[in-house]
Each structure stands twice: as structure tokens, then as C-alpha cells.
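Student: Quick one: the structure is below, and I'll ask about it shortly.
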Amino acid sequence: LGAIALIAMAVVSAGAWKPEIGSMLFWLGPAAGFTMLREFARRNCFARLRNSEALYLDLAAGVLQVGGLLSLALFGQLDVNIAFLIIALACAAPSLSWLALNRRLICLRQSAVTADLKMNWRFARWILLSNLAFAGSNSLYPWLLTGFHGESATGALAGGLGVVYLANPFLLGLGNHLGPKAALAF
């Protein structure tokens, strides 16, 4: 939700605010929230070495998203607000189902949350800053390339990155499989 607020402030400060942006940001909130809940469920599955559960979560969300978006596109009813709603619902259904089935695994206590936050912040802040720098640099490269060399160079970069990123699902899957195994062995 903080990212949505930052986007809204950037759009307002740039003078590009339109009423459609407000409704889009309204639906972006639930979409982002349920997407993060699905990611939490996936990471929990990987941490417990239950890769098949993570696969079912991804398959269910993917089928619901693609099916919903394609059906709306076929009937000419697709717009950005409905797309975010479909994404939110497609992530909510499997995530809430997982949460209901695994509710005994989750126990929140204020004292434990505070203690865990203090313990993990020293390491997590470096991961947070690293991810922010990585995301910022990835967003900055196309703009710099466009400014110095034009749109055709940026299009060539996008095409090349599209080909290279075809390996991403394999690499992410390998990391999701080997990471928990390495942590367990350690």
C-alpha cells in the first residue's frame, strides 16, 4: 500500500492526475494485498519443503487470472480496473484456501513479532536496500538509454532482455527448490 501511495504522489506532483488513476489505484490495493498473501503462502510452502503445494497455488492463481482476463477480453469488457479486480480475486481464492487449511501453523503474538523484527532487522535492512537499489537501477536503465540513444536502442534492450528472461522461471524454480534444501542441510 505504501508503493501505491508513492505512485499516487508521483502522479499528482507530475500534474498528470486523472480520475481514472484514482479508481485504478483503488483496485491496485486489493490486487497487491492478495498477491502478497499468495507469495507468503508460496514461501511458506517452500520453507516447509512442500513444493507441490506451491505449484498448486501458482496453477490455481494462474488459471483463474488467465481465464478471467481472456473471457473478459473476448467479450470486450476488459479494462484496467477489472483486470486488477480479476488479479485480486484470482490470488485471493487459492491464498485464502491455503490459509484456512494451514491456520494451525500461524500464531501471531505481539511479543514474538517485536522480538523477531529486532532480531531480523540487522540482516533484513541490507536485503531491503539491495532490492530497492536493484529495482531502481532496472527502472532507470531504459530511461537513460532512451535519453542518450533513443527509443530504438531501448527497444533493442527490451527485446534482448525478453530473450534472456526466458530462463527466469527455471532459475527461480531452481532457487526455490535448492534454497530450502541448503538451509535444511545447514
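Student: Any chance the range 106-114 includes a residue that's open to solvent by less than 60 Å² (accessible area, probe 1.4 Å), farther than 20 Å from ALA183 by Cβ, of a type in the set (A, V, I, L, M) and in a helix (DSSP H, G or I)?
Tutor: So far as the range 106-114 goes, yes, one or more of its residues are open to solvent by less than 60 Å² (accessible area, probe 1.4 Å), farther than 20 Å from ALA183 by Cβ, of a type in the set (A, V, I, L, M) and in a helix (DSSP H, G or I).
Student: Which pairs have Cβ atoms under 6 Å, sit 6 or more apart or on different chains, and link a residue in the range 25-52 that is assigned to a helix (DSSP H, G or I) and open to solvent by less than 70 Å² (accessible area, probe 1.4 Å) to one that is at pLDDT 90 or above and of a type in the set (D, E, K, R)?
Tutor: Note: pairs meeting the criteria are CYS45/GLU53.
Student: Among the residues of the range 116-157, count how many are touching a Leu at 6+ places or on another chain (Cβ under 8 Å) and of a type in the set (Val, Ile, Thr).
Tutor: 1
Student: I would also like to ask the following. Before we move on, is ALA41 closer than 22 Å to GLY179 by Cβ, of a type in the set (A, V, I, L, M, F, W, C) and in contact with a Cys (Cβ under 7 Å, 6 or more places away or on another chain)?
Tutor: Numbers: closer than 22 Å to GLY179 by Cβ: yes; of a type in the set (A, V, I, L, M, F, W, C): yes; in contact with a Cys (Cβ under 7 Å, 6 or more places away or on another chain): no.
It is false that ALA41 is closer than 22 Å to GLY179 by Cβ, of a type in the set (A, V, I, L, M, F, W, C) and in contact with a Cys (Cβ under 7 Å, 6 or more places away or on another chain).
Student: Could you count how many residues in the range 157-172 are open to solvent by less than 70 Å² (accessible area, probe 1.4 Å) and aliphatic (A, V, I, L, M)?
Tutor: Of the residues in that region, 4 qualify.
Here is a yes/no grid of residues against (1) in a helix (DSSP H, G or I); (2) modelled with pLDDT of 85 or more; (3) in contact with a Cys (Cβ under 7 Å, 6 or more places away or on another chain); (4) of a type outside the set (Phe, Trp, Tyr):
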residue	(1), (2), (3), (4)
LEU78	no, no, no, yes
ALA88	yes, yes, no, yes
ALA92	yes, yes, no, yes
ARG122	yes, no, no, yes
SER139	yes, no, no, yes
THR146	yes, no, no, yes
LYS181	yes, no, no, yes
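Student: For the range 116-137, does any single residue satisfy the condition of being farther than 19 Å from PRO30 by Cα, open to solvent by 60 Å² or more (accessible area, probe 1.4 Å) and among the β-branched types (Val, Ile, Thr)?
Tutor: Filtering the range 116-137 down to residues farther than 19 Å from PRO30 by Cα leaves 116-137.
Narrowing further to those that are open to solvent by 60 Å² or more (accessible area, probe 1.4 Å): 116-123, 125-134.
Add one more test, that the residue is among the β-branched types (Val, Ile, Thr), and what stays is 127.
Yes, the range 116-137 has at least one match.
Student: Would you mind telling me which numbered condition in (1) closer than 30 Å to LEU157 by Cα; (2) open to solvent by 50 Å² or more (accessible area, probe 1.4 Å) ALA83 fails?
Tutor: Condition not satisfied by ALA83: (2).
Student: Could you list all residues from the range 144-156 that are loosely packed, with under 12 Cβ neighbours inside 10 Å and of a type in the set (Ser, Thr, Tyr)? Can you show your working first?
Tutor: Pass one, the range 144-156, residues loosely packed, with under 12 Cβ neighbours inside 10 Å: 144, 147-148, 150-152.
Selection gives SER152 alone.
Student: Select, from ALA61, ALA83, the only residue that is of a type outside the set (Phe, Trp, Tyr), in a helix (DSSP H, G or I) and over 18 Å from PRO169 (Cβ atoms).
Tutor: Within the list ALA61, ALA83, the selection yields ALA83.
The values are calculated or read from the model by the stated rules, or taken from the named source; none is laboratory data. Since the model is a prediction, treat every value here as computed from it, not as a measurement. Every residue, glycine among them, receives a Cβ derived from its backbone with ideal geometry; neighbour counts consider all protein chains shown. SASA here: full protein model, heavy atoms, side chains in, ligands and nucleic acids out. Shrake-Rupley method; radii C 1.70, N 1.55, O 1.52, S 1.80 Å.
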